[in-house]
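Engineer: Can you read through this structure? Questions will come right after.
The values are calculated or read from the model by the stated rules, or taken from the named source; none is laboratory data. Everything numeric here is computed off the predicted structure, so don't read it as measured data. Note: ideal-geometry Cβ built from the backbone for every residue, glycine included; neighbour counts use all protein chains shown.
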Amino acid sequence: MQVVWFKRDLRVADHRPLVEAASRGPVVCLYVVEPEALERDDFDPIHVGFALESLAALDRELRARGASLAVRVGRIPEVFESLWRERPFAGLWSHEETGVRWTFARDRRVARWVRERGVAWCELPQGGVLRGGAAADESFARRFAARMAAPLVPPPERLRAATGYAAGRVPAARDLDMPSERVRDRQRGGVALARGLLAAFLARRGDGYCGGVSSPLVAATAGSRLSPHLALGTISVRTIHQAVEAERARLRDTADGARSAWGAALATFAQRLRWRCELTQELEAAPRLEFEALSGPDPRGDGPGAPHGFDDERFAAWAEGRTGYPLVDACMRLVRDTGWVNFRMRALLTSFGTRALGLPWRAVGLHLARSFLDYEPGIHWPQVQRSAGAAGPALLAAYDPVRQARAHDPDGRFVRSQLPALAAVPDAMLAVPWRMSLDAQRAAGCLLGVDYPAPIVPATRRRPARTGSA
């Protein structure tokens, strides 16, 4: 018997561990709901809600091939030990995972257990991350290109399901005794939805990707919206990469196709796929990024209740979207309601929270990790450190909320969609409502400090970072 341990690879297509295990004997397709994960400070029920939908879709695909998904709740490797006592198995198969310190420690426990039981554990790579490798260097692009060019692994047509063990069904959220999800309108999970998003994007939904991906309003449709599916692996990076490259090849066969706006959009999107893996390689090379600032200890402390004067009121205002800076507040309210905001605005939220409000980078990062449906540690923590200046001044980009509002929401459609109190504020004043006279505030039906907060910190222009402000 072979066990396929699904983690953040909830699919059957381009899943080499599944294919390799199926070629060697009957399989148990296993997913473990780990209570330790549900108790972590970067966890939120939206992560489980999306995962459960994706697991149900995976179970349907496995059943169509003669197997099913066994879902168990417990601590690893105790779950493996329980399964092994029901019926010993010869091999454990999984994808490599770049996660947080907790997942590294859990995998070390698994390595000890398989040695003690004489079980062969084979971890296979996915994406472009090199296990144990250094941070992305000049050779990374070549390695990434080679992996992305490798043929996709077709799913097994039939699976021999192992017998002699108690299979577990995909639970509902209520079975896990979790609080209700706070997000009203998040994306849904499942491989079919991932494939549909990719097909729609390549059918020219992403035509305005290059400029639109920076706008919190336009990015919702111009972007691929594949990030939560990539985070849980309902579709592989290689599947997306090869579909994009096929469309780029088709364009090259047309007159001026590669130089068109659509060609530029595809080139930029392909570059960001590689960038995604490069960031993850940073965490793979230095797992301490989750906890330790590259620039040294953070004088602002590590979180609520920490020394050095952590400001609970400022943190609450930032987290709840009531700082008095319209673009910051609008972005935070969008995150609250959907679990998503575009990449540039994520950098703005981090930069503002840490640099303008003086909040600790890790407290800011943890709140956003809980808030983002597509939270992926390998992308999240390196970017939080960059935006907070915790990675050192050479990598710091300061995001000015007024400048960002005027550049990416010039007519205020996004801000007004999230902050109804500002609906009648004139366009010229929407990014800087504190500059309105009292009569102007009354005319707009928006009194600062009553209908909308006054700025929580003075609106003074900060000096640009070494690399320039954004």
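Engineer: Scan segment 325-334 for residues that are assigned to a helix (DSSP H, G or I), touching a residue at least 24 places away in the same chain (Cβ under 8 Å) and surrounded by 23 or more Cβ atoms within 10 Å (Cβ to Cβ) and jot them down.
Structural biologist: Within segment 325-334, Pro326, Leu327, Val328, Asp329, Ala330, Cys331 meet the criteria.
Engineer: OK, next. Evaluate segment 113-130: report whether one residue or more is more than 23 Å from Gln242 (Cβ to Cβ) and in contact with a Pro (Cβ under 6 Å, 6 or more places away or on another chain).
Structural biologist: Yes: one or more hits.
Engineer: A further question follows. What number of residues within segment 172-199 satisfy the criterion of being modelled with pLDDT under 90, surrounded by 12 or more Cβ atoms within 10 Å (Cβ to Cβ) and touching a helix residue (DSSP H, G or I) at 6+ places or on another chain (Cβ under 7 Å)?
Structural biologist: Summing the residues that are modelled with pLDDT under 90, surrounded by 12 or more Cβ atoms within 10 Å (Cβ to Cβ) and touching a helix residue (DSSP H, G or I) at 6+ places or on another chain (Cβ under 7 Å) in segment 172-199 gives 5.
Engineer: Suppose we filter segment 142-181 for residues that are assigned to a loop (DSSP other than H, G, I, E, B) and either farther than 26 Å from Leu334 by Cβ or within 18 Å of the chain's Cα centre (by Cα) (or both); how many remain?
Structural biologist: The qualifying residues number 24.
Engineer: Applying the selection to segment 413-437, what residues are assigned to a helix (DSSP H, G or I), touching a helix residue (DSSP H, G or I) at 6+ places or on another chain (Cβ under 8 Å) and closer than 21 Å to Leu334 by Cβ?
Structural biologist: Phe414, Val415, Arg416, Ser417, Gln418, Leu422, Leu430, Pro433
Engineer: Quick check on segment 127-143. Is at least one of its residues of a type in the set (S, T, N, Q), modelled with pLDDT under 85, over 30 Å from Ile46 (Cα atoms) and out of contact with any helix residue (DSSP H, G or I) (no Cβ under 8 Å at 6 or more places or on another chain)?
Structural biologist: Taking every residue of segment 127-143 in turn, at least one turns out to be of a type in the set (S, T, N, Q), modelled with pLDDT under 85, over 30 Å from Ile46 (Cα atoms) and out of contact with any helix residue (DSSP H, G or I) (no Cβ under 8 Å at 6 or more places or on another chain).
Engineer: Follow-up. Specify the residue that is surrounded by the fewest Cβ atoms within 10 Å (Cβ to Cβ); the eligible residues are those in segment 409-463 that are at pLDDT 95 or above and of a type in the set (S, T, N, Q).
Structural biologist: Ser437
Engineer: Follow-up. Could you list, in sequence order, all residues of segment 351-380 that are in a helix (DSSP H, G or I) and aliphatic (A, V, I, L, M)?
Structural biologist: Ala356, Ala363, Val364, Leu366, Leu368, Ala369, Ile379
Engineer: Name the pairs: first residue in segment 225-250 and within 14 Å of Asp374 (Cβ to Cβ), second residue of a type in the set (S, T, N, Q) and part of a loop (DSSP other than H, G, I, E, B), Cβ to Cβ under 6 Å, at least 6 apart or on different chains?
Structural biologist: Pro228/Gln187
Engineer: Just checking, which of Asp42, Asp59 is buried (at least 19 other Cβ atoms within 10 Å of the Cβ), in contact with a helix residue (DSSP H, G or I) (Cβ under 8 Å, 6 or more places away or on another chain) and of a type in the set (Asp, Glu)?
Structural biologist: None of the other options fit; the residue is Asp42.
Engineer: Quick one: count up the residues across segment 155-170 that are buried (at least 16 other Cβ atoms within 10 Å of the Cβ) and either under 15 Å from Glu34 (Cα atoms) or polar (S, T, N, Q) (or both).
Structural biologist: Number of matching residues: 2.
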